[in-house]
Amino acid sequence: LDNECTKRGCNLSDVEVSGNEVACPCHGAVFDLRTGAVLDGPAPTAQHIYTVHEVNGALEVIAG
């Protein structure tokens, strides 16, 4: 996912992950880590997701 909540840009990298979900620490919007979908508002739009592959022991992130 992008690191910023789509509500107001709050940082998502400093929060605990719960299963396949992450919640914005500022407004409580919940995003699905697999799809980027907003599971619970108030975020207006989904998160952009990235494809990640392991290549020779290193992670490769593919922006799409």
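The values are calculated or read from the model by the stated rules, or taken from the named source; none is laboratory data. The structure displayed is predicted, hence computed values, not measured ones. Quick reminder, even Gly has a Cβ in these numbers, built from the backbone with ideal geometry, and neighbours come from all protein chains shown. The protein model used for the area step is the full one, side chains on, heavy atoms only, and it has no ligands, DNA or RNA in it. Shrake-Rupley method; radii C 1.70, N 1.55, O 1.52, S 1.80 Å.
Consider segment 21-47. How many of its residues are in a loop (DSSP other than H, G, I, E, B), in contact with a strand residue (DSSP E or B) (Cβ under 9 Å, 6 or more places away or on another chain) and open to solvent by 70 Å² or more (accessible area, probe 1.4 Å)?
4
Of the residues that sit in segment 48-64 and are outside any strand (DSSP E or B) and without any contact (Cβ under 8 Å) to a residue 24 or more places away in the chain, which one is farthest from ARG8 (Cα to Cα)?
Restricting to residues being outside any strand (DSSP E or B) and without any contact (Cβ under 8 Å) to a residue 24 or more places away in the chain, the top hit is ASN56.
Part of a loop (DSSP other than H, G, I, E, B), open to solvent by 60 Å² or more (accessible area, probe 1.4 Å) and not hydrophobic (A, V, I, L, M, F, W, C), is that true of THR6?
Judged against the criteria, THR6 is not a match.
Might you let me know whether segment 8-29 holds any residue that is among the acidic types (Asp, Glu) and in contact (Cβ under 8 Å) with a residue 12 or more places away in the chain?
Yes: segment 8-29 contains one or more residues that are among the acidic types (Asp, Glu) and in contact (Cβ under 8 Å) with a residue 12 or more places away in the chain.
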